[in-house]
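Each reported figure results from applying straightforward, stated rules to the coordinates on display, with no laboratory input. Since this is a predicted model, take the numbers as computed values, not measurements. Cβ placement follows ideal geometry from the backbone for every residue including glycine, while neighbour counts extend to all protein chains displayed.
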Amino acid sequence: MRYTILAAVLALALTVCGCDAERRAGTLQRDVDAIAALGTTGVQARVVGAGTDRTAVAGHSDAVALDEVSPDGYFRIGSLTKTMVATVVLMLVGEGRLSLEDTVEHWLPDMVRGNGNGGVVVTVRQLLQHTSGIHEDPPEIDTAEDYYRLRYEVRDARDTVASALRHAPGFAPGERWSYSNVGYVLLGLIIEQVANRPWHEEISARILEPLGLRDTHWPGEAATLPEPHANGYQQFEVDGPLIDVTELVDADASAGYLSTTADIGTFYRNLLGGNLLRPEELAQMRSTVPVDGVTALVWPGASYGLGLFAVPLSCGGTYWMHNGGQTGFLTNAGVTDNGDRSAVVSLSTALAVGEDVTRSKGFAQLRKASELVDHALCEK
């Protein structure tokens, strides 16, 4: 009798576990399908943690051939690059080779000046946290014509900085928060001064090689993506056509890397799990200030540390994330507070936002991607 009861209990437990796994997989697929239903050409997502590695895909990798999306496909990670740059900066801080309170002028003499800008008052911490006030003036690809004109242009980091400095700062350093790509371009130049080699070589030596991230690449002047990949599409106008923008040269320290959902999840789990930074530097990274503007609408209650967003979970607590918006690609990567579970979703279409931002499909894409990450990190 005892063995009969035990067998029944075990059978019930296995049934429950199977149902739970099926339910979790179903939720992930529904979330991916909801993003595709907005008009996103291709979507891939991966959730890893506690003995699970689940993927889901929807849509097509090519709007013409209608090939299936690969769950292992490469994509442009955009601003997820910033977390890698911030991690290397904090590693150098932990080694005493750099200080968060160092000024830009200390490492890049005479580079940030003019039109009210002053490298003598902007600190490394402020660059990392988007509180420097330096005007944001990236080369804009706002139309299909812009894309065709600029897609193969190789931009020098110093030219990007010089373009921003033609404008007065938006506010005094430390006064408030405003997202800044040029701040991370400057951080790339600072890493090169401290390490005496290109910033991306420092990322490779300190992050990619130790973690075995063989599918994460700095593309340099190459405009193409490795295989397999989904083509990237950009909608430049509300209700306008989707333009194939797969080929692009954009490899600076604000948004340069190519990767996969597997590699990205591994990076963020190791970072929040304490395997890359000392506790002191990880604590600095997790010290946040409130965000504002559209960012606060997409992620209500969010705040920004040093290369990381902190976002409230619907089930309680906080998760850490970054998003990446690159021409034709959108990515969200989130990880639990202790680094034990990650969720990464990549969209190979960026839909238009338009003037009515919160009612646009572009905004809806960001919200749906955020919901997918929240569901994946909250699931039991």
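Out of Ser342, Ser132, Ser163, any idea which swings most in a Gaussian network model of the chain, alpha carbons joined below 10 Å?
For the chain, modelled as a Gaussian network with Cα springs under 10 Å, the answer is Ser163.
Report the one residue of Pro226, Ala253, Leu98 whose Cα lies farthest in the direction of the positive end of the charge dipole of segment 25-378 (charges on C-beta: Lys and Arg +1, Asp and Glu -1; origin at the Cα centre).
My answer, from the dipole projection, is Leu98.
Where nothing but the Cβ of Lys and Arg (+1) and of Asp and Glu (-1) is charged, how large is the charge dipole of segment 25-378 around its Cα centre, in debye to the nearest 20?
860 debye
Using θ = phi - 60° and the Karplus relation 6.51 cos²θ - 1.76 cosθ + 1.60, list the HN-Hα couplings for segment 112-126 in order, rounded to whole Hz, with x at every Gly or Pro.
9, 6, x, 6, x, 7, x, x, 6, 10, 8, 9, 4, 4, 5
Would you mind telling me which residue in Ser360, Ser204, Ser79 has the biggest mean-square fluctuation in a Gaussian network model of the chain, where springs connect alpha carbons within a distance under 10 angstrom?
So, out of Ser360, Ser204, Ser79, the one fluctuating most is Ser360.
Provide the per-residue ³J(HN,Hα) series for segment 193-202, in order, calculated from phi with Karplus coefficients 6.51, -1.76, 1.60 and θ = phi - 60°, each as a whole number of Hz, with x at glycine and proline positions.
Each residue's phi maps through the Karplus curve to give 5, 6, 8, 6, 7, x, 4, 6, 5, 5 Hz.
From the backbone phi of segment 371-376, what are the Karplus-calculated ³J(HN,Hα) couplings (6.51 cos²θ - 1.76 cosθ + 1.60, θ = phi - 60°) in whole Hz, Gly and Pro given as x?
Rounded to whole hertz, the list is 5, 4, 4, 4, 4, 5.
Return the long-range amide H neighbours of Glu68 (sequence gap of 5 or more, or a different chain), with a cut-off of under 5 Å between placed amide H atoms.
Result for Glu68 returns Ser61.
What's the extension gain from Phe171 to Asp356 if we count 0.36 nm per residue and subtract their Cα-Cα distance?
Values: separation 185, 0.36 × 185 = 66.60 nm, distance 2.60 nm.
Computed gain between Phe171 and Asp356 is 64.0 nm.
Using Cα centres only, tell me the gap between segment 280-353 and segment 124-190 in whole Å.
If we compute the Cα centre of each part, the gap is 20 Å.
Report the gain in length on full extension from Tyr152 to Asp244: 0.36 nm times residue separation, minus Cα-Cα distance, nm rounded to one decimal.
31.7 nm
Quick one: among Val85, Val64, Val353, which has the greatest mean-square fluctuation in a GNM of the chain with alpha-carbon springs under 10 angstrom?
Val64
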